Every structure is written in C-alpha cells, then in structure tokens.
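Notes to accompany the following structure.
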C-alpha cells in the first residue's frame with residue numbers, strides 16, 4: 001500500500017523510480033539480514049540447548065557455556081537453559097568457591113575471562129540465587145582477578161537491595177562508587193528505594209530518592225513514564241505531597257501525558273485520606289482530558305463511596321462504568337459483595353455472587369470470605385454448606401478458615417466449629433489471634449467454659465506478643481454466656497500481668513465488673529485505664545453513667561458528664577430517660593442542670609432526649625414529675641427501665 005501511494009505521489013519519472021527501487025531493495029536487504037540474524041540466534045539457542053542437554057556432565061556443560069560467552073552474546077533463552085545446570089551444581093557443591101574449583105579441575109580456562117565472569121554473575125542473578133551472586137562477586141575478585149564494571153556493580157547493587165544483605169547505606173555507597181553510572185544504575189536505585197516506601201512507609205529514603213532523581217536528570221537521562229508512576233506511587237504512600245506535586249509539575253513540563261495509572265494513583269491517595277470530593281474532581285478531570293478510567297479506577301472510587309455510606313454516588317458511578325462497556329472483574333465483584341453486605345443489602349450481595357458464573361468468573365478465597373460475612377449478617381446459615389462445597393475448588397487461606405470458624409459458632413454449631421479448628425491445625429495452618437478467638441468463642445458457646453479459660457491462659461502465657469483482641473474476645477464471650485466472675489478473673493489476670501490492653505478490652509472488662517456488682521472495682525479500673533493514656537469510648541462513658549446514675553452517686557455523675565462534654569461524647573437517650581426518672585431528687589437534677597445545658601448547646605443530646613428533658617425543665621414540670629413518680633412503681637416501668645441490661649451489654653455485643 002505504501003509503495004503504490006509513493007509512486008502516485010512522486011510521479012512516474014524513470015530516475016525517481018530507479019531511486020525508489022534502490023531504496024526498496026536496500027530496505028528489503030536490511031530486513032532480510034535482520035531475519036537471518038534472528039533465525040541464526042534461534043538456531044544457536046536450540047543448538048546450545050541440545051548440546052547442554054546431551055552433555056554427560058553439568059560441569060562440562062557450564063564450562064562450554066562460559067567458553068562460548070567469550071565469542072558471542074548469549075540471549076535470555078540461552079541463559080535460561082543453563083540455569084537448571086547451575087542449580088544442580090549448587091545443590092551438589094553448596095558454595096560458589098567449590099563449584100568454581102571443580103570447574104578449574106576439569107581444565108576450564110574461562111574463569112579468568114572478563115566476559116565469562118560477567119555471564120556467570122548474570123546466570124546466578126537470573127536463577128534468583130542472590131546470595132550466590134554476592135559470593136561469586138567477591139570470590140572472583142580475590143581468586144581470578146575479576147575487575148567489576150558498571151554492569152557488575154549494577155547487578156550487585158540490585159542484589160543487595162533485594163536481599164537486605166546489607167544496610168541501605170551500603171547499597172547507596174556502591175551506587176556512589178559506580179563509575180561511570182548508566183541509566184540502569186539510577187533506575188535500579190530508584191526502583192528499590194520506592195519499593196521500600198511502599199512496603200514499610202520508610203520516610204528516611206525520601207532524601208535519597210530526591211537526590212538520585214536529580215542526578216538522573218543532571219546526567220541527561222529521561223526517566224520513563226513507568227519510573228514517574230513508580231515514584232508518584234511511592235510519594236503518595238508516605239504522604240510526601242510536596243514531592244508528589246513537584247513530580248507532577250515536572251511531568252507536565254516534559255510533556256508526559258498522565259496515563260490512567262497516574263490518575264488512579266492520585267484518586268486512590270485522596271480516597272485513602274477520606275477527601276472524596278477531591279477524588280471525584282480528579283475523576284471528572286480525567287474524563288475531560290480524554291483519558292478513560294479502567295476497572296481499577298472505578299473499583300477504588302466505588303469502594304471509597306461505599307465506605308463513607310455514599311450509596312447514591314457509588315451506584316451512579318457503577319452504572320456509569322457499565323454504560324461505558326466495562327465489565328466488573330473479580331476484584332470489583334468482591335468489593336461489591338463486601339460493601340453491599342456491610343450496607344445491609346445482603347440479598348444484593350448474594351445476587352452479585354450468583355452472577356459470577358454468568359461472567360465466567362471463578363470465586364477466590366476473598367470472595368467466599370466476604371460471602372461468609374454476608375451470610376452471618378443476614379442469618380441465612382443454611383447457605384454455609386454451599387460455601388464449604390465451593391471452597392473445595394479454591395486455595396483457601398487462613399483468613400477464610402477463620403471466617404468459617406466464626407460463622408459456624410454464630411450458626412449455633414459450636415461443636416462443629418471446634419472440630420473444624422482441629423482440622424485447620426491438622427491441615428498445616430498456623431493459627432493467629434483470630435483463630436484462637438474463634439476457638440475460644442466456640443468453646444464458650446458449647447458450654448466448655450473452663451476449657452476456654454485454660455486455653456486462653458496457655459495462649460497468652462506462651463506468646464511473647466499478646467494482643468488486646470484476644471482478651472476482648474474471651475471476656476466478651478464469657479459475658480454472653482453470663483459467666484461474669486470468670487470474665488472478671490480474666491480481666492484481673494490481664495491487668496495484673498500488664499498485658500497490652502486497648503480501650504475496647506478495658507470497656508469489656510468494666511462491663512464484666514459492673515455485671516458482677518463490683519462497682520468500686522470498676523471505678524478503679526476506669527481510672528487505671530485513663531492513667532494508661534486510653535480514652536474511654538462512647539459505650540464506656542454511657543455504661544458508667546448508667547451505673548452511677550442508678551446508684552444516685554451525684555459527684556461521680558457530675559464528673560462523668562464533665563468528661564463527656566470535654567470529649568464531645570453524646571449522652572444516649574436511655575441515660576437521659578434514667579436521669580429524668582431520678583429527677584424527683586431535686587438536688588441531683590438541679591446539680592446537673594448546667595451540665596445538661598452545656599450538652600444541649602454542644603448538640604450532644606438527641607431531639608428525643610431534649611423532648612424528655614423539656615418535660616421536667618421548669619419547676620412545675622419537676623414537681624408534676626415528682627408526683628407522677630411517686631404514684632408509679634419505677635422499678636417495674638418497662639419504658640423507663642428498659643435499658644437496665646442493654647446498656648451494660650453494648651460493648652460486649654459490639655465485640656461479636
């Protein structure tokens with residue numbers, strides 16, 4: 001097509017035709033030469049593979065490979081053929097020095113050749129035997145006079161970063177002593193430093209990244225769009241906003257178009273910060289520039305909308321994605337199941353799961369774990385056997401097993417849950433804190449409370465890193481089965497041994513003490529929690545207020561209300577009703593009147609609570625209320641006393 005177009009465009013002169021034919025002939029000759037070269041390389045690789053496979057000795061095969069490296073450059077296909085040979089030799093001789101000594105013993109003279117030495121390093125690196133790369137590098141320097149060049153130093157620096165063989169400073173020192181550095185020198189350092197930011201959020205590498213990036217530009221190298229994306233992701237991950245914006249400005253100046261991955265990284269960053277209006281604006285700007293979002297972009301934004309209960313925005317976005325022809329992948333489907341379940345739309349979540357087969361998508365472990373959560377929220381436990389059947393076709397992980405263990409207990413099958421735990425251990429799973437919590441819950445639900453407490457003691461005493469979650473779990477489960485004294489003993493053990501308890505663990509411990517009628521001990525534990533720098537939660541404040549309001553302890557009531565005002569904690573409706581019930585004691589009511597007025601001004605009282613207070617807000621209301629309370633048996637009033645047991649169990653219920 002191009003040939004005929006050029007003939008029509010330039011005329012039909014003989015001279016032009018001749019020149020055109022010469023150019024065409026030259027081009028054809030070049031193409032022919034390239035094709036012959038490719039065929040020759042293919043033949044060489046095949047012949048090398050055949051030679052290596054027929055060689056009676058791995059040592060001879062490696063020796064022959066190193067000898068041929070002096071005469072021509074081996075491609076990756078040829079190197080992959082010799083990797084298996086080198087692995088067998090390493091397994092046989094264990095060390096590099098022993099392997100090279102055996103090569104020398106059969107007369108291999110290539111070990112002193114610079115090209116062969118570099119190829120040997122490359123083969124070790126290609127095989128993923130990074131420790132052997134370092135050993136070969138040092139041994140060849142001392143034994144065979146190896147003089148490393150830029151390629152060898154780049155290889156060693158990459159290995160040091162990969163293995164953590166030495167501190168980062170050692171790798172960067174090698175970077176500074178690589179002369180002359182090339183593009184790969186800079187790129188390797190930037191790649192690994194960025195990965196360190198992504199994995200461990202290490203801010204100490206930020207000056208190093210900035211310095212190396214400036215050196216890259218100063219040397220005249222133009223980083224690829226992939227490098228820019230990698231750096232931007234790294235900066236956003238550690239919240240290095242100035243560096244991220246500088247990088248975006250540089251990309252704009254250099255004329256590098258923002259790819260869909262760049263836009264997605266920025267959107268993900270603002271979603272992670274909870275600044276959804278900025279994330280949505282970025283998404284709209286992305287569309288206006290003509291860049292089409294992919295399924296990953298939609299997934300990140302959809303998940304953020306659902307997390308902040310912006311259901312309308314989430315499903316408008318989802319429908320927009322479907323209208324553009326994008327098909328949800330398995331990850332988005334998993335997110336849909338999880339988010340819909342948490343939003344209370346369990347039927348819709350199950351519908352998404354059932355639609356996977358129509359889209360030829362096979363569920364994975366995350367899918368079934370989210371489905372178990374949906375089943376527990378909807379109480380449709382008859383679906384559990386189906387999940388177990390489906391799990392036979394996937395590689396289940398510990399997260400799924402823990403979810404199934406918890407689901408069996410919630411489905412009133414605690415004995416089956418205990419048996420499943422034993423199966424997990426027999427199958428080779430190493431239990432974590434969620435596994436132990438699931439087992440403790442199952443034992444308590446099965447009535448095997450003493451076994452649960454003994455198991456708890458064994459676990460916390462044998463573990464060097466006890467977790468507050470385990471203490472919360474066992475105490476909460478003991479509360480559910482009304483074993484209050486057992487729960488108090490577990491709390492006492494944790495406090496006495498100074499286990500790392502969080503505010504939730506303390507709250508459940510307080511609930512256990514209050515349920516057991518040990519109010520003064522609960523007040524002591526409350527102070528102990530605050531002395532350890534932990535702030536009581538909404539449940540804790542309201543639970544303590546309920547108890548001391550019922551005990552008509554005016555100083556404590558006033559203190560708790562003052563702390564709630566300072567912390568901005570809402571006083572729940574039940575406690576307001578209880579306060580109204582005891583308002584016949586004018587000294588109590590008038591003493592807290594100013595505090596209630598402050599709570600009203602700070603909007604820490606609900607409209608329903610304010611309506612109840614207005615009834616007794618003036619003196620006549622108080623007197624009429626007093627008269628009414630004298631006529632009514634408040635201890636039996638189901639409206640006023642409805643919270644007597646519910647307030648104390650709020651925290652315990654939230655654990656399950």
Residue 326 meets each of (1) over 28 Å from residue 364 (Cβ atoms); (2) outside any helix (DSSP H, G or I) with one exception, condition (1)
For segment 541-559, does any single residue satisfy the condition of being within 34 Å of the chain's Cα centre (by Cα) and under 27 Å from residue 463 (Cβ atoms)? no
Does residue 419 satisfy being out of contact with any strand residue (DSSP E or B) (no Cβ under 8 Å at 6 or more places or on another chain) and assigned to a loop (DSSP other than H, G, I, E, B)? no
Open item on the list: Based on this model, can you work out whether residue 400 counts as under 21 Å from residue 470 (Cα atoms) and more than 26 Å from the chain's Cα centre (by Cα)?
Closed with: no
All-but-one check, residue 555 against (1) in contact with a helix residue (DSSP H, G or I) (Cβ under 8 Å, 6 or more places away or on another chain); (2) in a helix (DSSP H, G or I), failing number (1)
For segment 124-142, the count of residues that are more than 16 Å from residue 157 (Cα to Cα) and buried (at least 23 other Cβ atoms within 10 Å of the Cβ) equals 1
If we keep only residues of segment 102-137 that are without any contact (Cβ under 8 Å) to a residue 24 or more places away in the chain and in a helix (DSSP H, G or I), then the residue farthest from residue 69 (Cα to Cα) is 105
Flagged in segment 344-361 as closer than 15 Å to residue 386 by Cβ and part of a loop (DSSP other than H, G, I, E, B), in numbering order, are 356
Requiring at least 3 residues that are modelled with pLDDT of 90 or more, the helices (runs of 4 or more DSSP H) wholly within segment 171-280 are 260-273
Counting only residues in segment 64-91 that are part of a helix (DSSP H, G or I) and out of contact with any helix residue (DSSP H, G or I) (no Cβ under 8 Å at 6 or more places or on another chain), the one surrounded by the most Cβ atoms within 10 Å (Cβ to Cβ) is identified as 87
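The values are calculated or read from the model by the stated rules, or taken from the named source; none is laboratory data. Computed from a predicted structure; not experimentally measured. Because the Cβ atoms are built from the backbone with ideal geometry, glycine has one as well, and the counts that use them run over all protein chains shown.
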